[in-house]
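Since the structure comes first, as structure tokens, the remarks are kept for the end.
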Amino acid sequence: MYSASMIRKELVAASAEPLILALLSEGESYGYAILQEIKARSQGQLQWTDGMLYPVLHRMERKGWIKARWGESDTGRKRKYYSLKKNGQKAHETHRDQWLKVHSVLAGLWKEKYV
Amino acid sequence: MFDLEHAVSEWRRQWAGSGVKASEILDELESHLREDIQQQMRSGVSPQQAFDAALQRFGRYQALKTEFKKVSGDTEVLGMLMVVICTILAGFIVWMSGYTFLQMELSPSEQIIAYAAVAFTLLVACGWRYAVPFLPVIASRGKRMGAGLICIVSGVVLSNLFCNFILPHFENRDQQLPAIGFWAVFPIAVFACLGLALMMSADDRAHWKMRRSQ
């Protein structure tokens, strides 16, 4: 589904929704900007095939987590903006708790082994 | 000489031909492609190089088509189920009314009135979704549900008023009963469909592809 040379594609796929939720929790955004933001924040290590972002966004819209509206870019072209809904905020918090738990378990295990 | 507009139009045409048919999805994908191309051109890349690189990053249409199909799969099954149920119900109504009208040996004018009632009721039941985009979207859920329920109840009330106050004035009622019966159902069909449409939120309309034009 995703092309990622640095991070395994399964992990990239699993992190897609939490990443989008986290980005949208900071404010409204659109597809291209979401991709650029994720590339920048991961220093290019987390790379999606651009087109594949859209089925994920549409699935999240279907789940009632995000809503979309058409707006205009600075150049006057149509652009679709996404923002978080109340359910999306809850989903974001659930994802965050779960990922933090996984992170804490892994960090604990690695600390025991290497420190 | 490379023509960027032509290349983007051709790209869009190929995607539409490959199975990604919804114009809203194509608009969004095209908007992304153009953003990427513009961004690259701002940093001095030629239009052709920017277009080729954007295409490379965008991915293959077959994979994307499969992903979009997964997203819309549930809606398609539900939509097909609704079509099957509607077809069975419409067939049943047509068969029942046709059989009844035939048995009653109605005059040609009575037949026209009777079949018109069936035709209009079926038209409303099958075609109401096309009227949905012209109706206002009520933002408040409570008001939406209230307006919808008022409409549905109004249909039943109107039908009852017709049966109780207008029907008794008909002469030769036994012969006209089937046609009158179907006309009595007509306000229920109209107001029930109107009520259901008003109950739909913007998200519901998007889910059933009844979005107002952007």
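Observations on the model:
- Residue-averaged beta-carbon neighbours from other chains (10 angstrom radius) around B:19-28: 3
- Measuring only protein heavy atoms, the 1.4 Å probe finds B:Ser107 accessible over about 40 Å².
- Mean separation of Cα contacts under 8 Å (6+ apart) over length of the range B:70-207, as relative contact order %: 36 percent
- Farthest positive-ward along the protein assembly as shown dipole, Cα basis, beta-carbon charges - from A:Gly44, B:Leu4, A:His58: A:Gly44
- Residue-by-residue Karplus 3J(HN,Hα) for the range A:75-84, coefficients 6.51, -1.76, 1.60, Hz, glycine and proline x: 8, x, 7, 5, 8, 9, 9, 10, 9, 7
- Packing-based ranking, highest mean first, of B:21-33, B:85-97 given that Cβ atoms within 10 Å are counted: B:21-33, B:85-97
- Kyte-Doolittle at least 0.0, axis length at least 15 Å by Cα - qualifying DSSP helices, chain B: B:61-103, B:108-127, B:141-161, B:173-199
- Computed log10 I(q)/I(0) for the protein assembly as shown at 0.08, 0.10, 0.13 Å⁻¹: -0.57, -0.77, -1.04, from the Debye equation with unit scatterers placed on every C-alpha and solvent omitted.
- Taking all Cα pairs closer than 8 Å and separated by 6 or more residues, the relative contact order of chain A comes to 28 percent.
- Sorting A:His103, B:His169 by solvent-accessible area of protein heavy atoms yields B:His169, A:His103, largest first, with a 1.4 Å probe.
- Computed with a 1.4 Å probe over protein heavy atoms only, the accessible surface of chain B comes to 62 Å² per residue.
- Chain B: calculated mean residue ellipticity at 222 nm from DSSP helix runs of at least 4, using -39500 (n - 2.57): -26500 deg cm²/dmol
- Calculated FRET efficiency for the pair B:Tyr99/B:Phe165, C-beta based, R₀ 35 Å, to 0.05: 0.75
- Heavy-atom surface analysis with a 1.4 Å probe gives the range B:70-207 a carbon and sulfur content of 74 percent of its accessible area.
- Per-residue average of Cβ from other chains inside 10 Å of A:58-71: 3
- For the range B:70-207: rounded, prolate or oblate by the Cα gyration tensor [a/c cutoff 1.5]: oblate
- Rounded accessible area of B:Val156 (nearest 10 Å², 1.4 Å probe): 70 Å²
- Computed from the C-beta positions of B:Ala90 and B:Gln56 and an R0 of 51 Å, the FRET efficiency is 0.55 to the nearest 0.05.
The values are calculated or read from the model by the stated rules, or taken from the named source; none is laboratory data. What you see is a predicted model, and the numbers here were worked out from it, not measured in a lab. Counting neighbours? That spans all protein chains shown, and the Cβs are built from the backbone with ideal geometry, glycine included. These accessible areas exclude ligands, DNA and RNA; they are computed on the full protein's heavy atoms, side chains included. Shrake-Rupley method; radii C 1.70, N 1.55, O 1.52, S 1.80 Å.
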